[in-house]
Amino acid sequence: MTDRSPLAPASFPDLPDIDGVTLRVAQAQYKTWDRCDLTYVELAPGTTVAGVTTQSLCPSPEVEWCRDAIPLGNARALVVNAGNSNAFTGHRGRTAVEAIAARVANHLGCLPSDIFISSTGVIGVPLPVEKAEAGLDAAFVAEPCGWQEAAATIMTTDTFAKAAVAQAVIGDRTVNLVGIVKGSGMIAPDMATMLGYVFTDAAIDAAFLQSILSAANRTSFSCITVDSDTSTSDTVLAFATGTADNTPLTSFEDAGADAFASAMADVCRQLAHLVVRDGEGASKFIAVHVSGASSDASAHRIALSIANSPLVKTAIAGEDANWGRVVMAVGKAGEPAERDKLSIRFGGVQVAKDGLAVEEYDEKPVAAHLKGLEINIDVDLGLGEGQATVWTCDLTHGYISINADYRS
C-alpha cells in the first residue's frame, strides 16, 4: 500500500455505536491480498434509506440495483465489495448482484430489494459469484467489528480509513450520525464520491431523508475533485434505523429537522474533505473559492475549472504562485467573466487585480503559504453575487505512479 497521505488526520475519530447497525467483515479474496475485502452491515427492521448515485452513463450493475431500490425506502443490509468494481461486465455482473442480494435476503428473511450493494476496484472484470457467496457466508458468522475495521475494508488505493461523526437534538433525544467513505482517485463526482455511507439512529421518513441527503451532497461530495474523472460506481447511501425513538421527522416543519439537516451536511462535508486529503499522490489540500460570479451555478463551474486544471494543480505541487494559470482556467470555463474585473488571491494575499498583476506585492507570505499543506485560492469575478467553493488537491508524480500500474 502507498504510504499514508501527508494530509491524513492524526488518528481515526472516536465514533459511537449506532443502535440497529451491526458491522462485520470477511475475506472474499477478490484480489490476491491478505486482507478483508467484503463488508456486511446488518440493519434493524424498519430502517429507512436514501441515496445518490453516479451520473456516469456507464454505471455498474450495483449502481443500477441501488437506483431501483432507493425509491422503495427500506433497507435491511449493505454489502460492499473491494478490489473489483464489477462495472462493464454485462449479464455476468448483473447475475452477481442478484446472487448477493438473494443470499443476504434469504439469510435475513427479507426482500432482495432491501439489500444494498456496492463494489469498487478494477473495471471490466466480472465479480466472481462463488467468492462473493463464500465471503458472505463467512461474514454472516463473523464477530461484529468496529467502525475503523469496516472503513478500512472498503478501501482500495486509499492510504487511510475515513470516517466522521455529528450529532443533532430532536425534541428530547440526541441522535448520532456516523459516516464512512472510501475514495482517492477517479474523483470528480457528478453526484457524490466513490463510496460513502452515513448511518444514524434517528427516526426519519425515507422521502425526507432523501431530500436532506441530496441537499448535503450538493455542498459536499459534488464540490470535490481529484482528477476530473467520474467513477462508474459512485454511490452515497444514508440509513436511518429509527432506534433513537425520537418523534419521526417528516418535513422541515418538525422540531429538530433543521438540526438534523445541518448534522448531515456536516458529516458529508467532513467525508468529502477526507477523500480529497487522500487524493492519489496528493501533498496539498486546496480550497478554491470563487465569488462575484453571475450566479452560484456559474461560480461552481468556474471553481471546478480551476480545481481540475492540471496546470494549476502542478503549479501548486511546485509551490509556484502562477496566477496566470488561474486566469486561464477562468477563461476556459465558458462562464461569464471580464478580464479587467478579475482579481486573484493566494492565501489571502492579492496577486492580481482588475486584469493586471498587483505591482510590487510582497511574495514572501505567498511563498510561505504555498509551502504549507493547506492552500487557499480566491477569485473574484466582479460581476455579481454568485459564489461557490470547491476542494481539490495538487497533482504530483505520485498520481502517475499509482495509476500507471493500478491493475498490476
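So which residues in segment 241-274 are more than 30 Å from Ala307 (Cα to Cα), in contact with a Phe, Trp or Tyr (Cβ under 8 Å, 6 or more places away or on another chain) and not in a loop (DSSP other than H, G, I, E, B), if there are any at all?
Within segment 241-274, Leu249, Ala257, Asp258 qualify.
Residues in segment 335-371 that are part of a helix (DSSP H, G or I), aliphatic (A, V, I, L, M) and more than 35 Å from the chain's Cα centre (by Cα): how many?
First, pick out the residues of segment 335-371 that are part of a helix (DSSP H, G or I): 339-341, 363-370.
Retained after the next criterion (residues that are aliphatic (A, V, I, L, M)): 366-368, 370.
If we keep only those that are more than 35 Å from the chain's Cα centre (by Cα) too, we end up with none.
Residues flagged as part of a helix (DSSP H, G or I), aliphatic (A, V, I, L, M) and more than 35 Å from the chain's Cα centre (by Cα) within segment 335-371 amount to 0.
Among the residues of segment 63-79, how many are of a type in the set (A, V, I, L, M), within 13 Å of Ile100 (Cα to Cα) and either in a helix (DSSP H, G or I) or open to solvent by 10 Å² or more (accessible area, probe 1.4 Å) (or both)?
Total satisfying the criteria: 0.
Checking the conditions here, which among Glu130, Glu143 is surrounded by fewer than 17 Cβ atoms within 10 Å (Cβ to Cβ), acidic (Asp, Glu), in a loop (DSSP other than H, G, I, E, B) and at pLDDT 95 or above?
Criteria check complete, one pass: Glu143.
Of the residues that sit in segment 188-233 and are within 30 Å of Gly398 (Cβ to Cβ) and touching a Pro at 6+ places or on another chain (Cβ under 6 Å), which one is modelled with the lowest pLDDT?
Among those residues, the one meeting the criterion is Thr232.
Applying the selection to segment 341-353, what residues are within 13 Å of Gly292 (Cβ to Cβ), touching a residue at least 12 places away in the same chain (Cβ under 8 Å) and either open to solvent by 40 Å² or more (accessible area, probe 1.4 Å) or of a type in the set (Gly, Ala, Ser) (or both)?
Filtering segment 341-353 for residues within 13 Å of Gly292 (Cβ to Cβ) gives 341-345, 353.
After this cut, where a residue has to be touching a residue at least 12 places away in the same chain (Cβ under 8 Å) as well, the list is 341-345.
Of everything in segment 341-353, those that are within 13 Å of Gly292 (Cβ to Cβ), touching a residue at least 12 places away in the same chain (Cβ under 8 Å) and either open to solvent by 40 Å² or more (accessible area, probe 1.4 Å) or of a type in the set (Gly, Ala, Ser) (or both) turn out to be Lys341, Ser343, Arg345.
Quick one: would you say Gly386 is among the small types (Gly, Ala, Ser), under 23 Å from Arg218 (Cβ atoms), under 27 Å from the mean Cα position of the chain (by Cα) and open to solvent by 30 Å² or more (accessible area, probe 1.4 Å)?
no
Do you know which of the residues in segment 107-127 that are crowded, with 19+ Cβ neighbours inside 10 Å and of a type in the set (Ser, Thr, Tyr) is farthest from Thr48 (Cα to Cα)?
If we take residues in segment 107-127 being crowded, with 19+ Cβ neighbours inside 10 Å and of a type in the set (Ser, Thr, Tyr), then Thr120 is farthest from Thr48 (Cα to Cα).
Based on this model, can you work out whether Ser309 counts as open to solvent by less than 10 Å² (accessible area, probe 1.4 Å) and out of contact with any strand residue (DSSP E or B) (no Cβ under 9 Å at 6 or more places or on another chain)? Give the derivation first.
On the way: open to solvent by less than 10 Å² (accessible area, probe 1.4 Å): yes; out of contact with any strand residue (DSSP E or B) (no Cβ under 9 Å at 6 or more places or on another chain): yes.
Yes: the conditions hold for Ser309.
The values are calculated or read from the model by the stated rules, or taken from the named source; none is laboratory data. Worth saying up front: this structure is predicted, and the values here are computed from it rather than measured. Every residue, glycine as well, gets a Cβ built from its backbone with ideal geometry; the counts of neighbours run over all protein chains shown. Accessible surface areas use protein heavy atoms only, side chains included; no ligands, DNA or RNA. Shrake-Rupley method; radii C 1.70, N 1.55, O 1.52, S 1.80 Å.
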